[in-house]
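Peer 1: Below is the structure I would like to discuss, written out as structure tokens.
What follows draws every value from the coordinates through simple rules; no lab data is involved. All figures in this text were calculated on a predicted structure; none of them were measured in a lab. All Cβ positions, even for glycine, are placed from backbone atoms using ideal geometry, and neighbour counts span all protein chains on display.
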Amino acid sequence: MKNKNILISGASIGGPALAYWLSRHGFDVTVVERSAALRSGGQAIDVRGPALDVAERMGILDDIRRMSTSIRGMSMVDSTGKELFRSTERTLTDLEFDSPDIEVMRDDLSKLIYRAAGEQEHVEYLFGDSIASLDQNDDGVRVTFERNAPRTFDLVVGADGLHSNVRRLAFGPESEFIRHLGTYLAVFTAPNFLDLDHWQVLCAAEKAWGGVMSARDNTELRVYLGFEPDEPLVYDFRDTEAHKQILADRLAHAGWEFPKALTYMWDAPDFHFDSMSQIHMDSWSRGRVVLLGDAGYCGSPMSGQGTSMAMVGAYVLAGELKAAEGDHNVAFAAYEKELREYVTQNQELALSNKARLEAEVAALTGAAAPEQDAETPELQDFAEVVNSLTVKDY
């Protein structure tokens, strides 16, 4: 077996999932994570299609089901609080509540996969650190860290999200690969101040929107606040306090429960804010460095498929490395060949979902439907895209 010593950057979903599979296939894995511990918070995410198969093969599918949000339905209101839509059967984008998909909180799934990977041999975690430089040659990748001593690895995997540090170091600046979708989103936890019972509420205001959903047996809310500026924002994506101020300035007078939600935002320990964006790359690997999940092919939360793509990508990448007996040139090419079409369809699904949601909201509010640009794909069948890949055995 070649290239047994592998470094993964990022310990959210894709990184620990890859660590699990690589360890099972006999590789030695180190995971480096900038945060001091697993990050809390994040939105409710869905495990769908082939990701359900991957979870079952990991032995965690039943645990994921037990952690399900068990949302019964949703409603939509306008900025005055008037209800415009209510359903226990489907969402505004026509997703059925009664489906094989499992909705779970991001941090719950992260902990579950982290524990599964920790039960495998040969998995090491370096929390509170990040990669400072990468220097690769024919024999390996010399990695310097911000805190730990330099080390040499056979391969390096960037599973470090939309603003991937590994991608920047190995492929170039983020601006070459990112495509903004025009929306900014904040997510944080708050008390269940609306007394929701396994329910979610969406509000659409002018160039702003918000949503709340009950979580963890109704003991808390996960709050979603977003807006669409006329021009892209320029900001430091690590400056949390600045993000909160941006949101407060934009939404303080938007109506509905926005002001109350903002009062809880200031002290939220798990506040997260970012643009709705995608990553498009001609290749997901360069030499001994390869990208996984959002780092290489982010679909944005609008796709509803980011978690599933990361879990499936981890399974396929590890499987192809096993099949190639560690030959990264063969494995990386096979990984991309196996997933490229699946990723492309899911990225297009984000644009299709956005168009479908905007049309539905316009119909409910009586507003003019937004014009679709030439890049908006035809509305796709969600289930068809989700299930367009069948994972193979490795």
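Peer 1: Against the longest alpha carbon principal axis of the chain, how many degrees, from 0 to 90 and to the nearest 10, is the axis of helix 14-24 turned?
Peer 2: Its long axis makes an angle of about 40 degrees.
Peer 1: For R66 and S99, calculate 0.36 nm times their separation in residues minus their Cα-Cα distance, and state this gained length in nm to one decimal.
Peer 2: Numbers: separation 33, 0.36 × 33 = 11.88 nm, distance 1.55 nm.
Net length gain for the segment: 10.3 nm.
Peer 1: Can you tell me the relative contact order of the chain? Whole percent, Cα pairs under 8 Å, sequence separation 6 or more.
Peer 2: Working: 807 pairs, mean separation 84.3, N = 394.
Rounded, it is 21 percent for the chain.
Peer 1: Treat the chain as a sphere of radius equal to its Kirkwood radius over Cα pairs and apply Stokes-Einstein at 25 °C in a medium of 0.890 mPa s; give the translational diffusion coefficient in µm²/s, rounded to a whole number. Don't skip to the end; give the middle numbers.
Peer 2: Numbers: Rh = 21.6 Å.
It comes out at roughly 114 µm²/s.
Peer 1: Note the direction-averaged projected area, equal to a quarter of the hull surface, for the Cα convex hull of region 15-79, in nm².
Peer 2: Values: hull surface 29.6 nm².
Averaged projected hull area, Cα only: 7.4 nm².
Peer 1: Now, a different point. Just grab the label-to-label distance for R57 and D282, each label 7 Å out from Cα along the Cβ direction, in nm (one decimal).
Peer 2: Between R57 and D282, the simple spin-label model gives 3.1 nm.
Peer 1: Need the list of lysines near K4 for cross-linking: C-alpha distance under 24 angstrom, and skip anything on the same chain fewer than eight residues off.
Peer 2: Of all the lysines, those that pass the test against K4 - Cα under 24 Å, at least 8 places apart if same chain - are K322, K337, K392.
Peer 1: Calculate how steeply helix 106-118 sits against the longest principal axis of the alpha-carbon atoms of the chain, using the helix alpha-carbon long axis, and give the answer as 0 to 90 degrees to the nearest 10.
Peer 2: 20
Peer 1: In degrees from 0 to 90, rounded to the nearest 10, what is the angle of the helix 306-323 Cα long axis to the longest principal axis of the chain?
Peer 2: 10
Peer 1: Given the options G172, G299, G211, state which has the largest fluctuation in a GNM of the chain using a 10 Å cut-off (strictly under) for Cα springs.
Peer 2: In the Gaussian network model the winner is G172.
Peer 1: So what are the ³J(HN,Hα) numbers for region 35-52, from phi and the Karplus equation (6.51, -1.76, 1.60; θ = phi - 60°), rounded to whole Hz, Gly and Pro as x?
Peer 2: Couplings: 5, 6, 7, 4, 6, 8, x, x, 7, 6, 10, 10, 9, 9, x, x, 5, 5 Hz.
Peer 1: Which lysines, if any, have their Cα less than 24 Å from the Cα of K207, not counting same-chain residues under 8 positions apart?
Peer 2: Within the straight-line cut-off, K207 pairs with K82, K244, K260, K354.
Peer 1: Mind giving me the FRET efficiency for L84 and E228? R0 is 22 Å, r the Cβ-Cβ distance, nearest 0.05 is fine. Please report the intermediate quantities before stating the final value.
Peer 2: Values: r = 19 Å, r/R0 = 0.88.
Rounded to the nearest 0.05, the efficiency is 0.70.
Peer 1: Under a point spin-label approximation (7 Å from Cα along Cα-to-Cβ), what is the E119-S40 distance to one decimal in nm?
Peer 2: About 2.5 nm separates the two model spin labels.
Peer 1: For the chain, set up a GNM with springs between Cα atoms under 10 Å and report which of R34, R147, R179 has the largest fluctuation.
Peer 2: R147
Peer 1: Once you put a point 7 Å from the Cα of N137 and another 7 Å from the Cα of A149, both along the Cβ direction, what distance in nm separates them?
Peer 2: In this crude spin-label approximation the distance works out to 2.0 nm.
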